[in-house]
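As structure tokens, the structure follows; a few thoughts come after it.
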Amino acid sequence: YPFASLGDWEITNFLLTSRLSMRAIDKFLSLHLMNSLPPSFSTAKELRSHAEMLPSGPHWNARVVPTTHPMKSPVTLYYHDSLDCVESLFNHPLFMQMMDYLPFCLFTTTKRIVRVFTEWMSSDSPWDLQV
């Protein structure tokens, strides 16, 4: 999403992060070699439209930090809103299949004698939150 495969994304990422012009990207995409790796786009314009469909993620905030001492220039703190970051992670299509919302108990044997804690969802905390 919105690319067909990992290889498609790798080509896209390379082209978008390179400093190639749209004309140079079109020329690259018209190479005979690209017929063996057909990407989900055939022109630089299509590539850009696919890239615009990607989630943007949280935006940067800035705040001038007051200081008690004189400075040559103001001290600026750049930051992301933590809730925006969490929302971005939960809504990201690459992580959709990796998110675990159900708490679970994991044991070393079927007799359930020794419990294994591998991540937060395997601890007692999520169970306590549901009550």
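The values are calculated or read from the model by the stated rules, or taken from the named source; none is laboratory data. Predicted, not measured: the structure shown is a model, and the values here were computed from it. Cβ coordinates were reconstructed from backbone atoms using ideal geometry, including for glycine residues, and neighbour counts include every protein chain displayed. For accessibility, only protein heavy atoms count, side chains too; no ligands or nucleic acids. Shrake-Rupley method; radii C 1.70, N 1.55, O 1.52, S 1.80 Å.
Below is a table of values for the structure above.
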read-out	value
Net length gained if the chain between Leu31 and Asn61 were fully extended (0.36 nm per residue, minus Cα distance)	6.6 nm
Chymotrypsin sites (Phe, Trp or Tyr not before Pro) restricted to DSSP loop in region 5-107 with at most 15 other C-beta within 10 Å	Trp60, Tyr101, Phe104
The chain: angle of helix 82-91 to the longest principal axis, Cα-based, in degrees nearest 10	80
Long-range amide H partners of Leu106 with built H, under 5 Å	Val116
Dipole of region 54-131, positive direction: furthest Cα of Met98, Thr110, Val86, with charges on the beta-carbon	Thr110
Solvent-accessible area, 1.4 Å probe, carbon plus sulfur percent, for region 1-55	60
Probe 1.4 Å, all protein chains present, accessible-area order of Arg48, Arg63, largest first	Arg63, Arg48
For the chain: relative contact order, % (alpha-carbon pairs under 8 angstrom, 6 or more apart)	15
J(HN,Hα) series, region 64-80, from Karplus relation 6.51 cos²θ - 1.76 cosθ + 1.60, nearest Hz, glycine and proline x	7, 8, x, 10, 8, 10, x, 10, 5, 9, x, 8, 10, 9, 9, 7, 9
Pairwise FRET efficiency - Met53 versus Ser82, Cβ, R0 = 25 Å, nearest 0.05	0.45
Extension gain (nm, one decimal) between Ile113 and Met98, 0.36 nm per residue minus Cα-Cα	2.6 nm
Protein-only accessible surface order, largest first, of Thr12, Thr17 at 1.4 Å	Thr17, Thr12
For the chain, size of Cβ-based charge dipole, Lys and Arg +1, Asp and Glu -1, in debye	400
